[in-house]
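Read the structure below first, then the notes.
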2 protein chains.
Amino acid sequence: MELLEHIQETGSISAAGRAMDMSYRRAWLLISELNHMFREPVVESQRGGQKGGGAALTPFGEELLRRFRSMETTLRAAIADDLDWLEANRSAAKALPDKA
Amino acid sequence: MELLEHIQETGSISAAGRAMDMSYRRAWLLISELNHMFREPVVESQRGGQKGGGAALTPFGEELLRRFRSMETTLRAAIADDLDWLEANRSAAKALPDKA
């Protein structure tokens, strides 16, 4: 999802990968896998042209990203009390995964 | 959490580990890590005695397990619509992680 956000911002798979310290190959493979995971593609590449192509989220990709971000918020809110309880009960020495 | 449930059922770290195809050493290390992750222990071992010891969840461990199971239910319910949407949009070829 972070990679999708970077593609949204940069319009490029390689720039999005760079922003996440990821090789172009790895970014491309991830997107290819994501594209085949659903009934429609999530990212569309435009090859050629003066700018040497580019990439953009499809309308389906936009909805997927929106839903994931909304799910994150919903999930966090749904168990806010439990997360507080866990935080209150963790040992000082050993941190639980960060809430942020 | 599954390991904790097996300890609850069997009263033994080694039997709980066996139920999950896990070595005693690995089960013990996981429990030890969990015990140090919180302000109070999650599992208590009783050494010695005729039965050669045993293990049980502490009241805190019981609450931890109860909360995790309740969180799972809450989380699933909170995003039921999104999970349905994902399921409806996944490709036939490539399965998403199982809902069960």
Worksheet item: Looking at the range A:33-47, which of its residues are more than 12 Å from A:LEU3 (Cα to Cα) and not in a strand (DSSP E or B)?
Response: A:GLU33, A:ASN35, A:HIS36, A:MET37, A:ARG39, A:GLU40, A:PRO41, A:ARG47
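Conditions tested, residue by residue: (1) of a type in the set (D, E, K, R); (2) at pLDDT 95 or above; (3) closer than 21 Å to B:MET71 by Cβ.
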{"residue": "B:THR10", "(1), (2), (3)": "no, yes, no"}
{"residue": "B:ARG18", "(1), (2), (3)": "yes, yes, no"}
{"residue": "B:VAL42", "(1), (2), (3)": "no, yes, yes"}
{"residue": "B:GLY48", "(1), (2), (3)": "no, no, no"}
{"residue": "B:GLY52", "(1), (2), (3)": "no, no, no"}
Worksheet entry | From B:LEU4, B:LEU29, B:LEU34, residue being farther than 30 Å from A:GLU40 by Cα, in contact (Cβ under 8 Å) with a residue 60 or more places away in the chain and either surrounded by fewer than 17 Cβ atoms within 10 Å (Cβ to Cβ) or not aromatic (Phe, Trp, Tyr) (or both) | B:LEU4
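The values are calculated or read from the model by the stated rules, or taken from the named source; none is laboratory data. Since this is a predicted model, take the numbers as computed values, not measurements. Note that each Cβ is placed from the backbone with ideal geometry, even for glycine, and that neighbours are counted across all protein chains shown.
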